[in-house]
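The structure under discussion appears below in the form of structure tokens.
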Amino acid sequence: MQEIKDALQKASKAEFELDLQAELTRPDEKFGDYSSNIAMQLGKKTAKNPREIAILLAAKLHGLSAVDKVEVAGSGFINIKLTDEKVADAAQKATDLGKPLAGQEIVLEHTDPNPFKEFHIGHTYSNTVGIAIGNLLKTAGANVHQVTYQGDVGLHIAMAIYGLKNPDNKEDLGLSYAFGAEAYEHDPLAKEQIETINLHLYKRDDPQINELYDRGRKRSLEKFEQIYQKLGADFEKNYFESDTAKEGIEIVKKNIGKTFVESEEAIIYDGEKAGLHKRVFITKKGLPTYEAKEIGLAFAKNRDYPAAQKFIVITANEIDDYFNVLVAAIKEIEPTLAAKIMHLSHGVVKFPGGKMSSRTGNVKTFDELFGELEIKANQLYGEGKGVPGTVLGAIKYEFLKHRIGSDFVFDVEESISLQGNSGPYLQYAHARASSILKKSDSPAAYQPTSFEPAERSLARKISEYPEVVQTATKELLPSHITTYLYELAQNFNSFYETSRIIGDVRQDLRLKLVRSYSDVLASGLGLLNIAAPDHM
């Protein structure tokens, strides 16, 4: 409520000659609609009693048209209750979100699957997080360019090519990679052969290897596109390691002596000078490591999107240390580019039994999880009810309800349940609200002018939505949205238990609340890239 913030700021300046920005928080509903601790801040700066300051400032709010009641609590909290009219107006306008990032250009990189390896749950998680954050930024007015980066050359490809040469793998890329990775770890001869294959991949000088590579790469990318379509992902540009490797090598070699040094025939970055650790960027065989390719990628993105103010890169937190070294090296080469790079790392998805790894073949793919949840949905809802929108809603919501940064265990049973904090629960909540709205042929004649307690509680919760979206966008945390939507649905359930809608004398007002509730649910689910069905 900007009107209240301005009044408190004006009062603090007039009474104490201090220009403080008043912050408003949402207290427990029984204390009011907003609360401010500005009196405590002024107390520290003026050495005066915060409660006395609060009483003085509270008096300045009584004349505001939006304010119904102001109380001072505890040692100096100012609790503010809005008029019913103001709460109703805020609820009706809850989906009118502002554009605080208008004019900003942001490049958002996420998902980053590797051809010849399975599209697993880690990629699905990164994709889900990336799209949700992209939606938040776009809703705030930013021009967002979503891109992905795919490792289509390197030792992991050589391992898969080695595996493909084994007839037992029958062209299965996932099995071939796992076979090659196992051989590389335990068979010295196989390791030597795989490293030779890797050299041929960069040189493109072996027809048989080229044929296996081209065919496998094509199949992988086609599969990725199918999954992207299913997930509702649309990338503006696909970057590939095979394209960034050459530029990365050139940049590293050009900066030997300035940023990089030669060490035992390899070229390294001594991260210890930046409080980090040393990393190899070009091997003694002259091949680029992931680090050198990433430098090529950073400069390619900067060239493709010269107007971008920020390059956000979303990855698992397993590479935090590596990424810090990478940015430190870029900072020495091109400080303005390094300043634009923001690494947002998420936790690792686990399942009962431990973490997955495509290196060992112990990996849960997107297709496997989707199929598993589809079966669960049909068992719970009835055969044929496990539709893609519901299954995808279960997967995405289960990912997004956890705070980004921490590892977590994916709870299959909870994710698909129609009861509790799940995607299908919220989808059903929207479907039920849509059903109520469809039953309203004619409104009641009587139009009440004030709220009953359950009505006001729901309207108050609906009105919080713009603030929640603003916080989620500022902190890049979609979990703020999931928490809010779940609380909103619970609030509606309490309202519905005590408040008859169709046929009641208060029907018109209550239908307006249901409409606002439905609109906010649809908007919030849309930010999470989850369908809001009209029926289930």
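The values are calculated or read from the model by the stated rules, or taken from the named source; none is laboratory data. What you see is a predicted model, and the numbers here were worked out from it, not measured in a lab. All Cβ positions, glycine included, derive from the backbone under ideal geometry; neighbour counts span all protein chains shown.
Quick rundown of the values:
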quantity: Residue selected from segment 457-503 under the condition in contact with an Asp or Glu (Cβ under 7 Å, 6 or more places away or on another chain) and among the polar types (S, T, N, Q), by the criterion farthest from Leu437 (Cα to Cα); calculated: Ser457
quantity: Qualifying residue in segment 129-138 (condition: touching a residue at least 40 places away in the same chain (Cβ under 8 Å) and among the small types (Gly, Ala, Ser)); calculated: yes
quantity: Selected residue (criterion: surrounded by the fewest Cβ atoms within 10 Å (Cβ to Cβ)) from residues of segment 17-44 that are hydroxyl-bearing (Ser, Thr, Tyr) and over 14 Å from Lys60 (Cα atoms); calculated: Thr25
quantity: Segment 229-263, residues that are assigned to a strand (DSSP E or B), within 27 Å of His145 (Cα to Cα) and of a type in the set (D, E, K, R); calculated: Lys237
quantity: Filtered residue count, segment 275-323, keeping only those that are over 22 Å from the mean Cα position of the chain (by Cα), β-branched (Val, Ile, Thr) and within 17 Å of Ile341 (Cβ to Cβ); calculated: 1
quantity: Residues being under 17 Å from the mean Cα position of the chain (by Cα) and farther than 22 Å from Ser345 by Cβ - total across segment 102-125; calculated: 0
quantity: When residues of segment 191-250 are limited to those that are β-branched (Val, Ile, Thr) and farther than 25 Å from Asn127 by Cα, the one nearest to the chain's Cα centre (by Cα); calculated: Ile249
quantity: Any pair with Cβ under 6 angstrom, 6 or more apart, that starts in segment 99-125 at a residue that is under 29 Å from Gly371 (Cα atoms) and ends at one that is among the basic types (Lys, Arg) and assigned to a helix (DSSP H, G or I); calculated: Pro115/Arg217
quantity: Candidates Ala73, Ala47, Ala102, Ala14 - the one that is hydrophobic (A, V, I, L, M, F, W, C), within 30 Å of Ala339 (Cα to Cα) and surrounded by fewer than 15 Cβ atoms within 10 Å (Cβ to Cβ); calculated: Ala102
quantity: Near pairs, Cβ below 7 angstrom, 6+ apart or cross-chain, from segment 171-191 (under 21 Å from Arg217 (Cα atoms)) to any residue that is acidic (Asp, Glu) and buried (at least 22 other Cβ atoms within 10 Å of the Cβ); calculated: Gly174/Glu118
quantity: The listed residue being farther than 21 Å from Phe240 by Cα and either outside any helix (DSSP H, G or I) or within 28 Å of the chain's Cα centre (by Cα) (or both), out of Leu175, Leu137; calculated: Leu137
quantity: Elements of type strands (runs of 3 or more DSSP E) contained in segment 305-374, each with 3 or more residues being touching a helix residue (DSSP H, G or I) at 6+ places or on another chain (Cβ under 8 Å) and modelled with pLDDT of 95 or more; calculated: 310-316, 341-346
quantity: Candidates Ile436, Ile462 - the one that is in contact with a Phe, Trp or Tyr (Cβ under 9 Å, 6 or more places away or on another chain) and either over 30 Å from Gln104 (Cβ atoms) or surrounded by fewer than 16 Cβ atoms within 10 Å (Cβ to Cβ) (or both); calculated: Ile436
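Here is a yes/no grid of residues against (1) at positive phi; (2) surrounded by 15 or more Cβ atoms within 10 Å (Cβ to Cβ); (3) assigned by TED's automatic domain parsing to the domain that holds Ser518:
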| position | (1), (2), (3) |
| --- | --- |
| Glu334 | no, yes, no |
| Lys340 | no, yes, no |
| Ser345 | no, yes, no |
| Gly384 | yes, no, yes |
| Phe408 | no, yes, yes |
| Glu413 | no, no, yes |
| Asn421 | no, yes, yes |
